[in-house]
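Notes to accompany the following structure.
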Amino acid sequence: QVQLVESGGGLVQAGGSLRLSCAASGIIFRVDRMAWYRQAPGKLRELVASMTSNGFINYLDSVKGRFTIARDNAKITVYLQMNGLKVEDADVYYCGATIGGVDYWGQGTQVTVSS
């Protein structure tokens, strides 16, 4: 059984920064991909940033230059450094991972940005 546990969400003023963390635990032989998504009420979940096992990184256009995804392979943890936060970035952020060909999700962490 694999679990993803997120942390780091909270309330920040526009222009501020937050760092999200997602730690994977359980029986893990191969991590194919780790990513961050976000979802607002009534909207589809959208991909914010992803990183594959070979280091390929992809960002949502609206966060390019502000957000950075990074991974600590030894800790099986993925981070999302979010700088220059905007009100429109406020959402529930979810960690997603493909491990051994199976998709897993974290429970989500709330990011609130005040104007």
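Taking region 84-115 as the region of interest, how many residues are surrounded by 21 or more Cβ atoms within 10 Å (Cβ to Cβ), within 18 Å of GLY26 (Cα to Cα) and among the charged types (D, E, K, R)? The qualifying residues number 0. Looking across region 61-78, just one residue is open to solvent by less than 40 Å² (accessible area, probe 1.4 Å) and either polar (S, T, N, Q) or in contact with an Asp or Glu (Cβ under 7 Å, 6 or more places away or on another chain) (or both), and that is THR77.
Do we have GLN81 as modelled with pLDDT of 95 or more, loosely packed, with under 13 Cβ neighbours inside 10 Å and either in contact with a strand residue (DSSP E or B) (Cβ under 7 Å, 6 or more places away or on another chain) or not basic (Lys, Arg) (or both) here? Step through it out loud before you land on a result.
Numbers: modelled with pLDDT of 95 or more: yes; loosely packed, with under 13 Cβ neighbours inside 10 Å: no; either in contact with a strand residue (DSSP E or B) (Cβ under 7 Å, 6 or more places away or on another chain) or not basic (Lys, Arg) (or both): yes.
Taking the combined requirement at face value, the residue does not satisfy it.
Quick one: in region 3-33, which of the residues that are under 12 Å from the mean Cα position of the chain (by Cα) and of a type in the set (Lys, Arg) is least open to solvent (accessible area, probe 1.4 Å)?
Of region 3-33, the ones under 12 Å from the mean Cα position of the chain (by Cα) are 4-9, 18-23, 33.
Filter once more, so that each one left must be of a type in the set (Lys, Arg): 19, 33.
On the way: ARG19: 129, ARG33: 63 Å².
Per the criteria, the residue is ARG33.
Taking the criterion of being in contact with a Ser or Thr (Cβ under 9 Å, 6 or more places away or on another chain) and either in a loop (DSSP other than H, G, I, E, B) or more than 21 Å from ALA14 (Cα to Cα) (or both), the residues of region 74-88 that qualify are ILE76, THR77, VAL78, ASN83, GLY84, LEU85, LYS86. Residue check: PHE56 meets all listed conditions (1) under 10 Å from the mean Cα position of the chain (by Cα); (2) open to solvent by 60 Å² or more (accessible area, probe 1.4 Å); (3) not charged (D, E, K, R) but one, namely (1). The set of residues in region 1-59 that are more than 30 Å from SER115 (Cα to Cα), among the polar types (S, T, N, Q) and not in a strand (DSSP E or B) comprises GLN1, SER53, ASN54.
The values are calculated or read from the model by the stated rules, or taken from the named source; none is laboratory data. Predicted, not measured: the structure shown is a model, and the values here were computed from it. Counting neighbours? That spans all protein chains shown, and the Cβs are built from the backbone with ideal geometry, glycine included. The area values use the complete protein model at the heavy-atom level, side chains included, leaving out ligands, DNA and RNA. Shrake-Rupley method; radii C 1.70, N 1.55, O 1.52, S 1.80 Å.
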